[in-house]
């Protein structure tokens with residue numbers, strides 16, 4: 001039987017799975033982790049850690065089952081380097097990890113917080129111990145970015161979320177292309193924020209990196225609704241064409257996951273669920289989604305990939321093209 005949007009994701013009973021109390025050094029909060037499966041089968045989270053100044057850095061946590069017994073690096077894994085990369089002067093945040101088979105390395109796309117606003121930066125690593133920083137790839141204001149794992153027509157593709165300064169501008173998800181991971185062009189709007197009373201009106205952004213499926217690239221994105229009580233972050237689904245990600249095939253009308261538990265509604269920034277990473281079991285279709293809860297802790301929700309795709313394609317009202 002087809003599931004409705006309220007049944008697609010299930011919170012783990014151990015939530016939150018990581019908090020600042022688990023951290024090996026003093027800090028304010030841990031949230032918004034990127035995620036990947038390593039060659040040895042371990043799950044690695046690259047966690048945004050906010051120190052007591054308010055400046056963020058990234059620290060790796062590893063687990064055999066992706067749920068318990070996390071081994072956390074005793075010191076920050078990737079610190080900002082404002083001497084060599086001045087755009088990182090106010091910290092680095094919200095990473096997304098993509099394994100790039102062609103390079104046989106991981107690409108970490110993250111937000112650098114510059115004096116002119118947030119922007120998109122890139123680093124490459126094979127072991128999450130040493131990193132080759134590629135520097136800024138998009139100017140401010142821009143964030144919520146991730147790479148596709150392969151080229152399209154010989155070019156790399158990046159999803160990201162620029163915000164213009166013109167009054168009334170919407171914050172949409174954009175797609176850009178590059179021959180070398182440094183110079184980017186052919187920018188176009190990919191998924192557009194809706195208007196009016198919609199849950200994803202005016203401001204949206206990519207959450208985890210796109211997930212390749214036989215039906216297309218599944219993207220989980222966040223929508224920000226402005227309410228009298230503040231911002232409300234919830235998640236929706238869309239599907240991009242497998243060979244031409246500029247083409248949006250399906251987009252869900254309803255949100256599929258939102259803050260409901262106390263640790264999601266109360267924290268440094270309440271009413272926020274913000275995933276930056278997923279891990280997929282390709283044999284079973286089981287999807288683990290790691291998310292920041294209220295900018296304070298890390299939680300886990302699970303879903304079945306087949307059920308997500310079936311729901312997304314369940315009605316003509318979801319069809320875009």
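FYI, it's all coordinate maths here, none of it is from the lab. Worth saying up front: this structure is predicted, and the values here are computed from it rather than measured. Here the Cβ is made from the backbone with ideal geometry for all residues, glycine too, and neighbour counts use every protein chain on show.
Just a few scattered comments:
- Wholly enclosed strands (runs of 3 or more DSSP E) of the range 233-321 bearing at least 3 residues surrounded by 15 or more Cβ atoms within 10 Å (Cβ to Cβ) and over 16 Å from the mean Cα position of the chain (by Cα): 248-251
- Lone unmet requirement of (1) touching a residue at least 40 places away in the same chain (Cβ under 8 Å); (2) part of a strand (DSSP E or B) for residue 209: (2)
- Filter result (under 24 Å from residue 264 (Cβ atoms) and without any contact (Cβ under 8 Å) to a residue 60 or more places away in the chain) within the range 236-254: 236
- Only one of the numbered conditions (1) touching a residue at least 12 places away in the same chain (Cβ under 8 Å); (2) surrounded by fewer than 16 Cβ atoms within 10 Å (Cβ to Cβ); (3) in contact with a strand residue (DSSP E or B) (Cβ under 8 Å, 6 or more places away or on another chain) is violated by residue 132, and that is (1).
- Boolean, residue 157 is farther than 23 Å from residue 47 by Cα, crowded, with 21+ Cβ neighbours inside 10 Å and touching a residue at least 60 places away in the same chain (Cβ under 8 Å): yes
- Per the conditions (1) buried (at least 21 other Cβ atoms within 10 Å of the Cβ); (2) under 28 Å from residue 26 (Cα atoms); (3) within 20 Å of the chain's Cα centre (by Cα), the sole criterion not satisfied by residue 117 is (1).
- If only residues of the range 212-232 that are touching a helix residue (DSSP H, G or I) at 6+ places or on another chain (Cβ under 9 Å) and not in a loop (DSSP other than H, G, I, E, B) are counted, the one that is surrounded by the fewest Cβ atoms within 10 Å (Cβ to Cβ) is 213.
- Scanning the range 10-65 for residues being assigned to a strand (DSSP E or B) and surrounded by 13 or more Cβ atoms within 10 Å (Cβ to Cβ) gives a total of 27.
- The condition (being farther than 18 Å from residue 123 by Cα, surrounded by 15 or more Cβ atoms within 10 Å (Cβ to Cβ) and in contact (Cβ under 8 Å) with a residue 24 or more places away in the chain) is satisfied by just one residue among 92, 72: 72.
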